[in-house]
Structures are given as C-alpha cells and as structure tokens.
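Worksheet: the structure to be examined is printed underneath.
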Amino acid sequence: EFLEIMELILKKLENKICTLTVNRPDQYNALNRDVLIELDEKLDFIIEQTDCRVIILTGKGDKAFIAGADIQAMQKMNENQAQEFSKMGQDLTVKIEESRIPIIAAVNGFALGGGCEFAMACHIRYASENAVFGQPEVSLGLIAGWGGTQRLPRLVGKGKAMEILLSGQNINAEEACSMGLVDKVVPINELIPSVYKLASLIINNAPLSVKATINAINKGECITFE
C-alpha cells in the first residue's frame with residue numbers, strides 16, 4: 001500500500017526569510033531521529049543553496065513549538081542508538097547556534113526538554129503568550145542532553161538554571177521573558193508577524209556584519225575580555 005510520506009519539516013522561503021516548521025502536530029512536534037535528519041538537511045540546503053538572510057524555526061499548530069525529544073522512540077533505543085541520537089541533537093544545536101544566518105525561534109506553545117534546548121540554540125527567541133518552557137529530564141531519569149546544562153545558565157544565570165533543571169518545573173512565557181530566556185512575548189496571532197518584522201530589520205543590514213557579529217558574540221561568551 002502506497003503511503004504519502006509527510007514532510008517532517010515544512011520549508012517556506014519568501015522575501016529572503018525562510019520559515020522551517022516542525023510538522024508532527026499530533027505528537028506535539030516531538031523530535032525523533034527522522035526529524036533531526038530532515039531538519040539538518042534542510043538547514044544545510046538553506047544556508048548553502050539559497051539567498052535566505054533570516055531563518056525562522058517554529059512548530060506546526062498552536063499547541064507546541066517542540067514538546068521535546070520523542071520519549072517513545074527513545075525508550076526503544078539500545079546504548080549505541082541512544083548515544084547516536086544524543087550526538088545528533090547536540091551537533092544540530094551547535095549548527096543552529098553557529099549559523100552565519102540568524103535563526104529566530106518563534107515559540108508557539110510547549111518548548112520542553114529538547115524543544116527548550118533547540119530554542120536556546122537559536123540566536124533570538126520570541127514566544128506566544130501560551131508558550132511553556134521547561135527541562136523535565138530529571139523526572140525521567142535523564143539529564144538535559146542537548147546543551148540545556150550549558151546554554152541555560154548563560155541565558156538566565158547559574159542559580160535560576162539550577163532551579164529549572166533540578167526541579168523539572170514548567171515556566172510560563174512571561175516568567176521566561178523576565179528571566180531572559182525569551183526576548184519578547186506577544187499574543188499567538190502576532191507571533192509570526194512580529195518575528196517577520198524583526199527579520200526584515202535584520203535583512204536591512206549588511207550580511208557580512210551580521211555574520212561577524214554572530215561570530216563575535218558566540219566566541220566572546222567563553223573567553224576573557226583580553
């Protein structure tokens with residue numbers, strides 16, 4: 001029986017803005033191996049083959065950005081598969097973080113675990129009022145494996161990161177914004193328009209300057225002033 005293969009990552013390019021949408025709404029856009037592979041391939045294609053100047057990462061529907069890694073898929077993994085999956089997620093978050101094209105997370109609902117980690121890897125985060133953030137890994141006998149223990153303290157400070165990572169509690173959009181985890185909160189119907197507005201401001205600027213600025217900020221995070 002022929003089954004139409006659903007695109008796991010929807011890609012839309014217009015006015016030099018590319019929107020990538022994780023397309024598993026029935027699974028709250030959870031990340032499995034196939035999603036990571038497709039996201040990786042589409043990112044490479046956009047960065048290397050198109051005239052795109054800003055990338056927007058979001059989730060399909062209005063319930064979830066990325067609810068996290070696919071726990072059902074993870075439960076079936078052996079040691080090697082688990083290690084490979086962990087490495088894939090880490091490599092992809094680093095690729096997002098180091099992209100010369102700015103990547104903006106449009107967080108439209110749940111951003112838990114791996115979803116929160118993917119949002120943190122993006123250069124800027126805008127969220128809808130119904131967005132929910134959290135790192136619940138410790139409640140599953142895991143740790144935040146895709147950079148959560150490293151990026152969260154740099155965004156919100158060590159104490160707050162400890163509180164979030166050790167309690168596993170969820171955080172609403174307003175609280176996330178007040179601690180610096182999110183850069184702006186808007187009603188859900190204004191989320192994509194406000195991200196587009198920011199993207200068009202970025203596009204007005206010199207691409208080489210944008211690239212060099214991203215590089216300088218990323219490098220400066222882990223070295224002394226000297």
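The values are calculated or read from the model by the stated rules, or taken from the named source; none is laboratory data. Predicted model only: the values in this text are computed from it and were never measured. With ideal geometry, Cβ positions are generated from the backbone for all residues, glycine too; neighbour counts draw on all protein chains shown. Note: areas computed on protein heavy atoms with side chains; ligands, DNA, RNA excluded. Shrake-Rupley method; radii C 1.70, N 1.55, O 1.52, S 1.80 Å.
Computed extension length for MET6-GLN27: 6.2 nm, one decimal, from 0.36 nm per residue of separation with the Cα-Cα distance subtracted. With a 1.4 Å probe and every protein chain kept in, tell me what percent of the accessible surface of the stretch 1-131 is carbon plus sulfur. Carbon and sulfur together cover 47 percent of it. Taking the Cα centre of the stretch 158-220 as origin and assigning +1 to Lys and Arg Cβ atoms and -1 to Asp and Glu Cβ atoms, the resulting dipole is close to 340 debye.
Its residue count N sets the reference 2.2 N^0.38 Å, and the alpha-carbon radius of gyration of the stretch 157-222 equals 1.46 times that reference.
Apply the Debye scattering formula to the stretch 59-199, with a single equal point scatterer on each alpha-carbon and no solvent, then give log10 I(q)/I(0) at q = 0.17, 0.18 Å⁻¹. Taking Cα atoms of the stretch 59-199 as identical point scatterers yields -0.90, -1.01. Taking the chain as a Gaussian network of alpha-carbon nodes connected by springs under 10 Å, the highest mean-square fluctuation of the residues GLY168, GLY157, GLY141 belongs to GLY141. Shown for the chain: cysteine residues without a partner Cβ closer than 4.7 Å, namely CYS116, CYS122, CYS177, CYS222. Put the Cα centre of the stretch 9-54 next to the Cα centre of the stretch 136-165 and the gap is 25 Å.
Between LEU142, LEU13, LEU36, which gets the highest mean-square fluctuation from a Gaussian network model of the chain, Cα cutoff 10 Å? Result: LEU142 has the largest fluctuation of those listed.
For LYS16, a cut-off of 14 angstrom between C-alpha atoms picks up these aspartates and glutamates, skipping any fewer than 8 places away in its own chain: GLU48, ASP51.
Rounded to the nearest 5, what % of the DSSP beta bridges within the stretch 70-226 are antiparallel ones?
Working: 2 of 12 bridges.
Percentage antiparallel, nearest 5: 15.
Charge dipole of the chain (Cα centre as origin; +1 on each Lys and Arg Cβ, -1 on each Asp and Glu Cβ, all else neutral): 580 debye, rounded to the nearest 20.
Each residue, GLN72 and GLU175, gets one label point 7 Å from its Cα in the Cβ direction; the gap between the two is 2.9 nm.
Each Lys and Arg Cβ is given +1 and each Asp and Glu Cβ -1; about its Cα centre, the stretch 94-223 then shows a dipole of about 440 debye. From the residues ILE103, ILE223, ILE66, which one has its Cα farthest along the dipole of the chain in the positive direction, the dipole being from +1 and -1 charges on Cβ of Lys/Arg and Asp/Glu about the Cα centre? Of the listed residues, the answer is ILE223.
What is the extension gain from GLU79 to ILE37, computed as 0.36 nm multiplied by their sequence separation minus the C-alpha to C-alpha distance, in nm to one decimal? Before the final figure, lay out the partial values.
Values: separation 42, 0.36 × 42 = 15.12 nm, distance 1.94 nm.
Length gained between GLU79 and ILE37: 13.2 nm.
Average accessible surface for the stretch 86-226: 50 Å² per residue, computed with a 1.4 Å probe over protein heavy atoms with every protein chain in place.
Counted over all Cα-Cα pairs of the stretch 1-144, pairs farther apart than 19 Å make up 49 percent.
Accessible surface for VAL185 stands near 30 Å², nearest 10, in the context of the full protein assembly shown (1.4 Å probe). Cα extents for the stretch 122-197 along the principal axes, largest to smallest and rounded to whole angstrom: 39, 21, 20. Checking understanding here: applying a Kyte-Doolittle mean of at least 0.0 and a length along the axis of at least 18 Å (C-alpha), which whole DSSP H helices in the chain pass? Span-like helices, by this rule, are 188-203, 207-220.
Across the options ILE55, LEU39, PHE85, the greatest Cα extent toward the positive end of the charge dipole of the chain (unit charges at beta carbon of Lys, Arg, Asp, Glu) belongs to ILE55.
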